[in-house]
Amino acid sequence: MKLWGGRFTKSTDSFTDHFHSSISFDSRMYHEDITGSMAHAAMLGKQGIIPKEDSDLIIKTLQEILTDIENGHITFDEKAEDIHMNVESILISRIGDVGKRLHTGRSRNDQVALDTRMYTKKEIKAIQALVKELMTVLNSLAEKHTETIMPGYTHLQRAQPVTLAHHLLAYIEMFKRDYDRLADSYKRTDVLPLGSGALATTTYPLDREFVAKQLGFSAITQNSMDGVSDRDFCIELVSDLSILMMHLSRFCEEIILWSSHEFRFIELDDAYSTGSSIMPQKKNPDMAELIRGKTGRVYGHLMGFLTTMKGLPLAYNKDMQEDKEALFDAIDTIKMCVPVFTNMIATVTVREHNMLEAAKGGFTNATDAADWLVKQGVPFRDAHEIIGKLVLYCIQNNTNLDDLSLEEYKAISPVFDESVYAAISVKQCVEARNVIGGPAKSVTTMAIEANKAYLRSLV
Ligand code: ARG
């Protein structure tokens, strides 16, 4: 007999039981469900809504059930639908009528909202710790490479020289924003919905503030219909995770390019690459590709989630049971991708020489050559034109700006003198860019120090 079976004369079709049951995936919230129920029972006892002895016995038994679940002594029953009714049925099977008092002044609608918020809060903290670890690894790699010159790109064409530190610091900025976004969504998750009832609260004198305090919530929801039907906090998290995956995916794309034979900027550790079953020479960046691929999966959850919610009238609708698999899978995916990525980066070998050679080719110092002319009083547009002609000359003669003779320079413009060579060395191009946010060693060193202080400040 179902816990809600009173007004029914027939039992549910067994395939229907299977169809609408959520225990196969919501059982992972057993801890939240039980601690939530313990706080609710304590409040019922304190308010005299149920006898104090009953409340005590319920709490004690729930604690035993928790231990039994943790020791693997309990198998959940699909017929009991979800984690909430599984726990309640087990409680009733152990203490009979007293157990039947637990659900006073509560609905599964506010209960599931509570469990999901508790679970989400816990996972946000866990993901933040992983992002922090990733930033720490990137920052120490950056520290080793403040003088490792590499080409910076636009349109994937060599543009201006930068350093590997500068490039890595760009990603740290993205991950800092990800960390912040998570902290921000935590605030909106950290609101207790229990007490909303099915949709319109209850006539019992609940003490919601007490329950919030017991469960470590900072606030309580202010409208019961919103309390049971709001899933913004889940969508917000999946959206934050989508942006985080987008950052990882862009970085993975670079890892894949950089480890190709065409670039040869880095070599991945054997532990984070794979071979081919047919081509003996292959060393493939599979982990980076898989992370890039899984990005689509997380985006898919975001779209699915938004679509599930878009047409729902207030308040609770069973459609909302679809929230969990999307949320859980997005969380699980991130919790696999971030550590794999972190370890892959921590063990990478940097081919500094190849990066430098690439920076020297492709006329990455052309802007600096033009700037040198400007400093001699040539208007920028004319300087651009002169250097453009020199670049064309270099291409036609298969050489580069550094290797032209002074005569060749002077043939295009008489303004040139010997000092142009120092100004256009890639090292000078990098070092002269000492504006805040730039690649010069003096600037990246400051950024790395600031990051260390930031990382220390994170709890
Ligand atoms: N398993 C349900 C869910 O995940 C719990 C809430 C069910 N409430 C209801 N009125 N059917 O959404």
Original post:
Can you pull out the residues in the stretch 206-240 that are part of a helix (DSSP H, G or I) and either touching a Leu at 6+ places or on another chain (Cβ under 6 Å) or hydroxyl-bearing (Ser, Thr, Tyr) (or both)?
Top reply: Val211, Ala212, Ser224, Met225, Val228, Ser229, Cys234, Val238, Ser239, Asp240
Original post:
Only one of (1) assigned to a helix (DSSP H, G or I); (2) over 30 Å from Gly275 (Cβ atoms) fails for Gly197. Which number is that?
Top reply: (1)
Original post:
Which residues, counting only those in the stretch 105-118, are away from the ligand (no atom under 12 Å from the Cβ) and in contact with a helix residue (DSSP H, G or I) (Cβ under 6 Å, 6 or more places away or on another chain)?
Top reply: Arg117, Met118
**OP:** Considering each of Gly311, Gly293 in turn, give the residue that is surrounded by fewer than 16 Cβ atoms within 10 Å (Cβ to Cβ) and under 18 Å from Glu254 (Cα atoms).
**Re:** Gly293
**OP:** Search the stretch 19-36 for residues being more than 14 Å from the ligand (Cβ to nearest atom) and not aliphatic (A, V, I, L, M), and hand back the single one that is farthest from the chain's Cα centre (by Cα).
**Re:** Thr35
Original post:
Inside the stretch 367-418, can you point out the residues that are of a type in the set (Ser, Thr, Tyr) and in contact with a Phe, Trp or Tyr (Cβ under 8 Å, 6 or more places away or on another chain)?
Top reply: Tyr409
**OP:** Please work out which residue is modelled with the lowest pLDDT, limiting yourself to the stretch 278-330 and to residues that are more than 16 Å from the ligand (Cβ to nearest atom) and of a type in the set (D, E, K, R).
**Re:** Lys282
**OP:** State whether the residues of the stretch 47-59 include one that is basic (Lys, Arg) and out of contact with any helix residue (DSSP H, G or I) (no Cβ under 7 Å at 6 or more places or on another chain).
**Re:** no
Original post:
Which of the residues belonging to the stretch 179-204 are aliphatic (A, V, I, L, M) and within 16 Å of the ligand (Cβ to nearest atom)?
Top reply: Leu194, Ala198, Leu199, Ala200
Subject >> Residue among Ala370, Ala366, Ala383, Ala346 that alone is aliphatic (A, V, I, L, M) and either within 32 Å of the chain's Cα centre (by Cα) or within 16 Å of the ligand (Cβ to nearest atom) (or both) >> reply: Ala346
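The values are calculated or read from the model by the stated rules, or taken from the named source; none is laboratory data. Only a predicted model underlies this, so the values are computations on that prediction, with no experimental measurement involved. Backbone-built Cβ (ideal geometry, glycine too); neighbour counts: all protein chains shown.
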